[in-house]
Amino acid sequence: MPSDQEVFEDFKFKISEDRQSVTLSSPGSNMTAQQLDHLIHSLAMLRTTLEPQHPYTMPALDEWLYYPIDGWYVLPRKEAKGTPAEEGFLLTVRSPGIGWCQAEIPPEQAQSILAFLNSKRPDGT
């Protein structure tokens, strides 16, 4: 079986001049689950270089692809000295399709999340 490195050496990509598309070619490699994970991660990183960027505004709820989250952690940032609400935190979630993903939540958003979680429901409870 080829190694991860050998599999990915076979993939070729070319980013268009306007950075709006990518031509990806593959020799039809048979990949393990681990190699497929590596490819998904690599394609996600490649996508960050393309235009247009993903919008900063959320899409309508019916445009989302939903994955069940079957594991999550809230972790302090390495350099944090204060509380997560003061310093921000790392939100780590596990998706069965993508694996573990981590987002750094800055202090302003951490405070907003905390306020939301502490707020009363519309029915007052």
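Please treat every number below as a calculation from the coordinates, not as lab data. Quantities reported herein were computed from a predicted structural model and do not represent experimental measurements. Here the Cβ is made from the backbone with ideal geometry for all residues, glycine too, and neighbour counts use every protein chain on show.
Output the residues belonging to the range 38-64 that are among the hydroxyl-bearing types (Ser, Thr, Tyr) and surrounded by fewer than 10 Cβ atoms within 10 Å (Cβ to Cβ).
Answer for the range 38-64, where residues must be among the hydroxyl-bearing types (Ser, Thr, Tyr) and surrounded by fewer than 10 Cβ atoms within 10 Å (Cβ to Cβ): Thr48, Tyr56, Thr57.
Could you list, in sequence order, all residues of the range 68-103 that are in contact (Cβ under 8 Å) with a residue 40 or more places away in the chain and surrounded by 15 or more Cβ atoms within 10 Å (Cβ to Cβ)?
Selection gives nothing.
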